[in-house]
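The values are calculated or read from the model by the stated rules, or taken from the named source; none is laboratory data. This structure is a prediction, so every number in the text was calculated from the model and none was measured. We place every Cβ from the backbone using ideal geometry, glycine too, and count neighbours over all the protein chains shown.
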Amino acid sequence: SQQGEEDPQALSIQEGENATMNCSYKTSINNLQWYRQNSGRGLVHLILIRSNEREKHSGRLRVTLDTSKKSSSLLITASRAADTASYFCATGPAGGTSYGKLTFGQGTILTVHP
Amino acid sequence: DAGVIQSPRHEVTEMGQEVTLRCKPISGHDYLFWYRQTMMRGLELLIYFNNNVPIDDSGMPEDRFSAKMPNASFSTLKIQPSEPRDSAVYFCASTPGGNTEAFFGQGTRLTVV
């Protein structure tokens, strides 16, 4: 079963608007990562947030992490048509025999209309 | 570095045939992952290796699937015999260490007819 679950499954917005995607997970994590996938291509890493961090920024991206609720959110500000893609969260376990295992959620399909 | 390299990019085969997918990870990366992506099941982790040793193969769907990593620069995923339900995009990814950023290949689109 998937460790992370994204919400919503699909999001459609106008250029210039903000896009927020959420991810929930089930077990203790070392970190949570967000990836982007353009149609027919491999996934590209966007940002990593560690379990002891609450918020992280990278350009127009803002990620928050709430370990008490086992959830994270990805905010893309001032969206552009080029941001149209699928976005996935991925979790790395806190330790144990599964150390290093990277498990992905189902993804959110973002469409930004020009 | 050229990144993670997968071959072939596309594979069409008949049911019952053996299929071998190949992956060259980024040099120096200790972890290698094989994922399968379908519309119905999303991105599934099939197996991952650390220093060429399989760590977790619980995602391998059945005995028809096998994966090897004979050295640090090469891995294969084999399906024998292949079935139409194996049709998917198979991704290979590598990371420099545990719980770090993963670098993905472009994937192999497999169609079994």
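When region A:103-114 is limited to residues that are surrounded by fewer than 20 Cβ atoms within 10 Å (Cβ to Cβ) and more than 8 Å from chain B (Cβ to nearest Cβ), the one that is farthest from the chain's Cα centre (by Cα) turns out to be A:Pro114. Count of region A:62-92 residues, restricted to those that are surrounded by 14 or more Cβ atoms within 10 Å (Cβ to Cβ), at positive phi and touching a residue at least 60 places away in the same chain (Cβ under 8 Å), is 0.
Of all residues in region B:28-53, those that are touching an Asp or Glu at 6+ places or on another chain (Cβ under 6 Å) and more than 15 Å from A:Lys101 (Cβ to Cβ) total 1. It is to be established whether one or more residues within region B:38-47 are of a type in the set (A, V, I, L, M, F, W, C) and surrounded by fewer than 19 Cβ atoms within 10 Å (Cβ to Cβ). Yes: one or more hits. On inspection, B:Ile79 qualifies as crowded, with 21+ Cβ neighbours inside 10 Å, farther than 24 Å from A:His45 by Cα and within 14 Å of the chain's Cα centre (by Cα). If I filter region A:69-102 down to residues being within 12 Å of the chain's Cα centre (by Cα) and not aliphatic (A, V, I, L, M), which single residue comes out as nearest to the other protein chains (Cβ to nearest Cβ)? The extreme case among them is A:Phe88. The number of residues in region A:25-36 that are surrounded by 16 or more Cβ atoms within 10 Å (Cβ to Cβ), more than 9 Å from every other protein chain (Cβ to nearest Cβ) and closer than 17 Å to A:Glu5 by Cβ comes to 3.
Among the residues of region B:70-99, those identified as within 14 Å of another protein chain (Cβ to nearest Cβ) and in contact (Cβ under 8 Å) with a residue 24 or more places away in the chain are B:Ala88, B:Val89, B:Tyr90, B:Phe91, B:Cys92, B:Ala93, B:Ser94, B:Thr95, B:Pro96, B:Gly97, B:Gly98.
Out of A:Gly95, A:Gly16, A:Gly59, which single residue is surrounded by fewer than 16 Cβ atoms within 10 Å (Cβ to Cβ) and either touching a His at 6+ places or on another chain (Cβ under 9 Å) or at pLDDT below 90 (or both)? Spell out how you get there, then give the answer.
Details: A:Gly16 fails: either touching a His at 6+ places or on another chain (Cβ under 9 Å) or at pLDDT below 90 (or both); A:Gly59 fails: either touching a His at 6+ places or on another chain (Cβ under 9 Å) or at pLDDT below 90 (or both).
Answer to the selection: A:Gly95.
Between B:Leu45, B:Leu77, B:Leu110, which is touching a helix residue (DSSP H, G or I) at 6+ places or on another chain (Cβ under 7 Å) and either at pLDDT 95 or above or closer than 18 Å to A:Gly107 by Cβ (or both)?
The conditions single out B:Leu110.
Look at B:Asp57 and say whether it is surrounded by fewer than 18 Cβ atoms within 10 Å (Cβ to Cβ), within 22 Å of A:Ile29 (Cβ to Cβ) and more than 11 Å from every other protein chain (Cβ to nearest Cβ). Considered against the rule, which asks whether it is surrounded by fewer than 18 Cβ atoms within 10 Å (Cβ to Cβ), within 22 Å of A:Ile29 (Cβ to Cβ) and more than 11 Å from every other protein chain (Cβ to nearest Cβ), B:Asp57 comes out as yes. Cβ-Cβ contacts under 7 Å between residues 6 or more apart (or on different chains), taken from a first residue in region B:1-28 that is under 14 Å from B:Arg109 (Cβ atoms) to a second residue that is not in a strand (DSSP E or B), are listed as B:Gln6/B:Gly105; B:Gln6/B:Gln106; B:Gln6/B:Gly107; B:Arg9/B:Gln106; B:Val12/B:Val113; B:Thr13/B:Ser82; B:Val19/B:Ser82. Cβ-Cβ contacts under 6 Å between residues 6 or more apart (or on different chains), taken from a first residue in region B:38-55 that is more than 27 Å from B:Thr111 (Cβ to Cβ) to a second residue that is part of a strand (DSSP E or B) and among the aromatic types (Phe, Trp, Tyr), are listed as B:Asn50/B:Tyr31; B:Ile55/B:Tyr48.
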